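Working notes for the structure below.
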Amino acid sequence: MLSSTANEGASLEVTCSLSPGSFTSIGVFRRVGDIEQPIVYFFSNGTESIISQGVTSTIRRLVGSATHMVSVLDQVTCTVAGEYVCKHDNGQQASANITVHVTATAVGIITSEDMIEGQETEISCTGTVDNMGDVILTSQDTISDAFVESTHFTKASTMVNSGDQCKSSLTTQFTSALDLSHNGTNVRCETTSPVSTSRTVEIVIVQESICDGKNEGTAVAHPYSLTKYVICGNSIKVNTCAVSLIWRQDLKTCVDPGAAEVTMLSGTANEGSSLEVTCSLSTGSFTSIGVFRRDGDFEQPIVYFFSNGTESIVSQRVTSTMRRLDGSATHMVSVFDKVTCTVAGEYVCKHDNGQQASANITVYALPSGSSSVEVPRVFIAGSPGTVRCSSMVIDKANKGVSFLERAPSEDGPFTNVGLQPTSSFIKSEDQCETTADLDYTIPDVDFLIWNGSYVKCRTDFPVMTTQAAIVLVIDSSICSQVLEGSNLPNPYEDDSFILCTGGFPQLQYCSDGKIWRQDFLNCAFASDATVSARDKTVEANVNSSVNITCSVTPGTYEYVRLYQDNGGKNLLLATFYSDGSTIKESEKLSDLYRETEVGGSELMTSQLADVICADQGVFWCQHDNTQKDQLELIVNVPPSVVMTPDDDFAPITSNMIVCVANLDLRGSQVNIHLKRRDEISGVFEDANVPVISTDVLDETPGCFQRKRTIFSQVFDLAWNNTDVRCDVPAPESTSDVFTLLVIPGDICVSRSIAEVIAHPYTSFRFIMCFGQQFVVMPCPGDGYRFIPAVKECVIDGTPVAAIEAPARFTDLEDLILTCYVTGGHFDKLELLKIDGDTRTPVVSFGPDFSATRHFSREIDIDTTFVDALNVRHVIITLKTASCKDIGQYTCNLDNGQDRATSIDIYAIPEDIISDATNNITCESREYPGSQFLMGLQRFDSTSNQWQNIAEMQAYQFPVGTESGSQCRMGAHFEQVYDLTWNNTDVRCEVKDTSSTSDFQTLYIIPGDYCEQFPMASTQIHPYNSNKYFYCFAEVISIFTCPDSTFVWSQSEGQCILLSDSVAKSTTQRVYVQTSGNVAPISSISPETTATTTTTVLTTTAQPPSTARPDPEISVIGGNFSLGVSASITCEVSHPMEGSVVMIFMTDIGLELVATFDMDNKDGSQDTAAKTGISLSRSEQGKISSLTATFDPFLCSHVGMYACSDDGGHTGSANAGAIVPEQILIFQPPTTMTTTEEATFDCSGIVDKSGRLYFSIQNLGQPDSDYR
């Protein structure tokens, strides 16, 4: 535990420090005697339990390797101090003391005013101490200057003023009879806990010898003060003179030190400035000089000046004081700041001896800087006229007066016209002054006296004169010679004119900016500006904005406006005023702005936003004097045609071409056309491709429409290399030309299931074959290209290797192997032969394709050929190959990329399908002689004899293992076996030894066997219950149950254990149609496990196989609810490298669902072909479950799903839909009113090819068909 201290009222931390180790709880306790009071518990799970209310929070800190568990107590007092204990739950404990200090406060000291040598002196100390502290008296050591506890004073008493459990306020009395050795000693009071000190006091002692030889009652001067004196006697006493008196030892009494003569100086100041009130004092003594303001019989004190140099300011108006020495006189000055007239008056200076002097202080008002004289622009002779003195300041305190003065010229002299103000408009007023507008009315303006004279305004207090203004007078005789109502020009200014009424002139004013034009007898601009439309024709696209600009030449105008012809009505759009302001009069406008051209012409622009066809027409700019100029706005629909065809076209399915275009609805033709270029004329003509849908993407009724039209059909090879485009008649426009490249529909004929081949037109996609059907698949992303040689998409610059080799070869002939290597750097390429887990190098290549041969035999190498896709063909020829070379080979790169192939005899079919080429293989038991010939014999049931099949051609090849320097031999017999071979016995014959093999019976599967079953269905094998068929169109795929303990159950649609099938098996008869007749071939029970074979082999033993079991693929489907998620899973046992694809099979073709990359076990490279599909995978033993989840599952997802790997292993299953109840709701309006709209609501569920129709019957024909 850590000890801790804190000041009273502060926060305190009680800390338990725990070294590394386990604990359940740590308890914190406060020990009071034998009692331990719990405070906080800290638990190992990071929580705390606070027991004491004094703990406000807890903290855990990591300090080095130790953990500090802190209990925080806030605003502590001494009551929380004491011993605390930390206890571990294992019994270990530690304790520490917690200390709380009382806050130090100021210490007071009181001493006797006069200390007499030998007499008892008292010093009182007051201070606050804690329970351990005390109040002491200390004195300063004259050598070290340190304060130490005084030994000359004795503690007489201590009184407790106040206190609590933690602290006490004490007053302690110290007494001592001091001698002169203590004179001048500094003392102070101190508290010991908490430590605090008082001010320092100097001890001054009156020596006892001052009364030596003096009688009792004798008064003598005080040794240290002029205002005190000492009375001698048995006990020396000190007395003090009255205030302002001093002790005169020669007179043995307290007297006035001397009187001085006081005088006062008068003063003046302007309002708002500083003012000094000065008392002047001649040489002499005084105690105090008082300054007063006299108001009648009342004298208000202002300032007191004392002889000790201090002042006492009584009035808040006095901001400061000063003393100035002027010869033998002292000026005592009271300063007033920012004075007003309220401080003016009589002031008095008074000496403390009763002498006084007075003087007057004057404050003048300030003239206004805004005062002026206002004269009408023109007076009419014989009529009254008013002159205004504006903002005149009248000093009320000094009885100021205002005057109107006139002079014959601006230079004067000005004399008072003797008029009194006829009206007064007070603007502001206070105790000191009045600010007002004063009107002086001239009752009858005399033309000869007043015309051309000047007037101005003046005040005497404050002294102020305005600027002079001229007086202009129109002679009243001006109208004597003209007709009533005549208008005449003003002889003095051009923005007004004279109207003669009753032979007397009246002044009239033009509106702002205009002048009187006598030639027009009207007010007009001095020079009218010319307005015009800058552009006579303006064009704009629909939904865009357009600027319409009015040009105004330099000149004067009030406003310029923009109008639109709205069907014969003038629609005001904008107003531009001459002061620069503008008003948008119509919401059609988005902005107004103006600019000045070189030469001074002003351009006023109105921006018309979101232009529509109805805006087309006439606009005009108009001057306020009615001048105008027009322009025409032409609204266009912008041409825009975009064509988006499908990525790939093939005659096996419908393809779409999407056209999106802008249409001008004001035209007669508002459709989109798909056109095809004629190969002979080169002219684009109608392509006659059906339209499957049309929808409107954006529209302005009666004006503009953005429409999308989708054309769709099956495009056969006649469309290959054909140019197509989308055409729109209004506005006349076309899309870019697209050249259709059609993939031949038979591109996958003779291809195996799941075989991948190159796309005929692009290397960024490839084709995966499923029988004669196919699906186009994209490469994974940017940078990938499909390389036919390696049969996969490869990133540019990444080396990948693949191998090609013949499936068979003839003994003692050359065997040619080809390694294909894509571009990119590698360090090593190897041709390896694989025997089980052993890989034996045949040839190695460096990055420059330099070769190293690892066999002593003759091997030819050619690495020179690189194809158009930058794939190098490394051709390796094993000269004079033999059965030793049979096996599996791979081309391997140092980055692990390799592909393997097997070189062996032809695969021996266990199932022979009629009308297809099949091989029957014969092998010799031992190596024959040089005249080795093999034949195939067929048993003739009519003659009951074996017959040679002379027309069969045998292909000889080495088989098995090497025997000495020679190998066993075999032969293939290849031909089409039709149904006439069904149930035929065959055997092999070695010609030169006349030896034969055991016979075997051929069972032929009809080539049209699947035509009697639904497409994409699973059916029982006609001869072998351990196998089953998958029929897809004309493609027959044969699959084998997991092992011989399983048989196919057609009723359950899966392989089941043989033991399960025995109990519920029934004999099934399988029929094969031959020559128009239906005849039974065999009777097979589902539990029968005997396997027939189409091969005729010898009994030669084969070595045990070390190859990995073939993958098997099954698909888990089912029926799913529409609108929610559903999952379809491929289960792959013993998966091979490469990829597994999930295909959705429709009536018109195949669609790729997902690709699972089996080389990446974490699924990071798995890709879904469409949105709304998520992928996942799991592993259990040797089975990989690959799942595609559709969210939601839709009716468009219903159908057959197949999964296939790169080796052609395939499985399939159906996905059905739980269809919701079909509901069709029709809700007509309850009532309808002629000429008004009526709404009919139809709602229902349709499939993806369905539509919802609203039908009506002909009026009055209840039996007619709905249309």
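The values are calculated or read from the model by the stated rules, or taken from the named source; none is laboratory data. Everything quoted here is computed from the prediction, not taken from an experiment. Quick reminder, even Gly has a Cβ in these numbers, built from the backbone with ideal geometry, and neighbours come from all protein chains shown. For the accessible areas, the whole protein counts, side chains as well, though only heavy atoms, and no ligand, DNA or RNA atoms are used. Shrake-Rupley method; radii C 1.70, N 1.55, O 1.52, S 1.80 Å.
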> How do 878, 717, 812 stack up against each other in accessible area, from largest to smallest, with a 1.4 angstrom probe?
Replying inline: 812, 717, 878
> For residue 389, what is the net charge nearby, where nearby means another residue's Cβ is under 14 Å from its Cβ and Lys, Arg count +1, Asp, Glu -1?
Replying inline: 0
> Under a 1.4 angstrom probe, counting protein chains only, how are 228, 569 ranked by accessible area, largest first?
Replying inline: 569, 228
> lysines within cross-link reach of residue 584: Cα-Cα under 24 Å, excluding same-chain residues under 8 positions apart?
Replying inline: 536, 569, 628
> So which of 833/1161; 707/1170; 1161/1182; 87/167; 228/252; 828/879 end up more than 22 Å apart by C-alpha?
Replying inline: 833/1161; 707/1170; 87/167; 828/879
> Residue by residue, what Karplus-based ³J(HN,Hα) values in Hz, rounded to whole numbers, does the stretch 156-167 have, using 6.51, -1.76 and 1.60 with θ = phi - 60° and x for Gly and Pro?
Replying inline: 8, 7, 9, 10, 8, 7, 7, x, 9, 5, 9, 8
>> Could you report the stretch 54-185's accessible area per residue, 1.4 Å probe, as an integer in Å²?
In response: 52
> Where Lys and Arg each count +1 and Asp and Glu each count -1, what net charge lies around residue 36 among other residues with Cβ under 10 Å from its Cβ?
Replying inline: +1
>> Using each residue's phi in the stretch 1168-1174, evaluate 6.51 cos²θ - 1.76 cosθ + 1.60 at θ = phi - 60° and report the 3J(HN,Hα) Karplus result to the nearest Hz, with x for Gly and Pro.
In response: 9, 7, 9, 6, x, 10, 10
>> I'd like the accessible area for residue 634, computed on protein heavy atoms only with a 1.4 Å probe and all protein chains in place. Round to 10 Å², please.
In response: 50
> Long-range amide H contacts for residue 506: which residues qualify at under 5 Å (H placed 1.01 Å from N, peptide plane, sequence gap of 5 or more or a different chain)?
Replying inline: 499, 500, 501
> What is the stretch 223-376's relative contact order, in percent, from Cα pairs under 8 angstrom and six or more apart in sequence?
Replying inline: 23
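Determine the sum of side-chain charges near residue 139: Lys and Arg each +1, Asp and Glu each -1, restricted to other residues whose C-beta is under 10 angstrom from that of residue 139.
Its environment carries a net charge of -1.
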>> Probe radius 1.4 Å, ligands and nucleic acids left out: which of 946, 1048 has the largest accessible area, and how do the rest follow?
In response: 946, 1048
> What span do the alpha-carbon atoms of the stretch 302-359 cover on each of the three principal axes, reported in whole Å from largest to smallest?
Replying inline: 33, 22, 20
>> Through the Karplus equation 6.51 cos²θ - 1.76 cosθ + 1.60, θ set to phi - 60°, convert the phi angles of the stretch 813-825 into ³J(HN,Hα) values in whole Hz; use x for Gly and Pro.
In response: 9, 6, 10, 9, 10, 10, 9, 9, 10, 6, x, x, 7
> What aspartates and glutamates could a cross-link reach from residue 588, if we take a straight Cα to Cα line under 16 Å and drop same-chain neighbours fewer than 8 places away?
Replying inline: 565, 610, 615
>> I'd like the accessible area for residue 126: 1.4 Å probe, protein heavy atoms, all chains in place, Å² to the nearest 10.
In response: 50
>> Rounded to the nearest 10 Å², what accessible area does residue 306 have for a 1.4 Å probe in the complete protein model?
In response: 70
> Calculated from the structure, semi-axes √(5λ) of the Cα gyration tensor in Å equals which of [x] 93, 40, 32; [y] 118, 69, 30; [z] 49, 43, 30?
Replying inline: [y]
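Write down the percent of antiparallel bridges among all DSSP beta bridges whose residues are both part of the chain, to the nearest 5.
Close to 95 percent.
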>> Given an 8 Å cut-off on Cα distances and at least 6 residues of separation, report the relative contact order of the chain as a percent.
In response: 3
> When the helix-only estimate is applied to the chain (DSSP H runs of n ≥ 4, each -39,500 (n - 2.57), divided by the residue count), what is the mean residue ellipticity at 222 nm, nearest 500 deg cm²/dmol?
Replying inline: 0 deg cm²/dmol
